[in-house]
1. Given points 7 Å out from each Cα along the Cα-Cβ axis, report the Ala36 to Leu14 separation in nanometres with one decimal.
2. For the Cα atoms of the chain, what angle does the longest principal axis make with the long axis of helix 12-57, in degrees from 0 to 90, nearest 10?
3. Express the accessible area of the chain per residue in Å², computed with a 1.4 Å probe while the remaining protein chains stay in the model.
4. With charges set only on the Cβ (+1 for Lys and Arg, -1 for Asp and Glu), what does the dipole of the chain come to about its Cα centre, in debye to the nearest 20?
5. Beyond 19 Å, what share of the Cα-Cα pairs of the chain is found? Please give it as a whole percent.
Amino acid sequence: MGAFCFMQIASPELQQAKKIQPQQENECFQRMKELAYICHEIKNPLSGIRFSNSFLEATNLTDDQK
């Protein structure tokens, strides 16, 4: 019985891709954090507007006041 062992050296393209991948993942994560922050900042004022609107609809206002 015998065993063969082959060593393969990664191509320059593969080595470059291995270097670039963590950078791209970090950039993607940063973009996701920014988007989550923007969504949060937009959501809060909209919730306030919805509350004010529903509160005003529950009051007895004339058409001119609405």
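1. Computed distance between label sites Ala36 and Leu14 equals 3.4 nm.
2. Between the helix axis and the principal axis of the chain, the angle is about 10 degrees.
3. Values: 6930 Å² over 66 residues.
Result: 105 Å² of accessible area for each residue.
4. Working: 7 positive and 8 negative charges, 64 e Å.
Dipole magnitude for the chain comes out near 300 debye.
5. On the way: 1474 of 2145 pairs.
It works out to 69 percent of all Cα pairs.
The values are calculated or read from the model by the stated rules, or taken from the named source; none is laboratory data. Since we're looking at a predicted model, the values are computed, not measured. Cβ coordinates were reconstructed from backbone atoms using ideal geometry, including for glycine residues, and neighbour counts include every protein chain displayed. When the accessible area is computed, the model is the full protein with side chains, heavy atoms only, and any ligands, DNA or RNA have been set aside. Shrake-Rupley method; radii C 1.70, N 1.55, O 1.52, S 1.80 Å.
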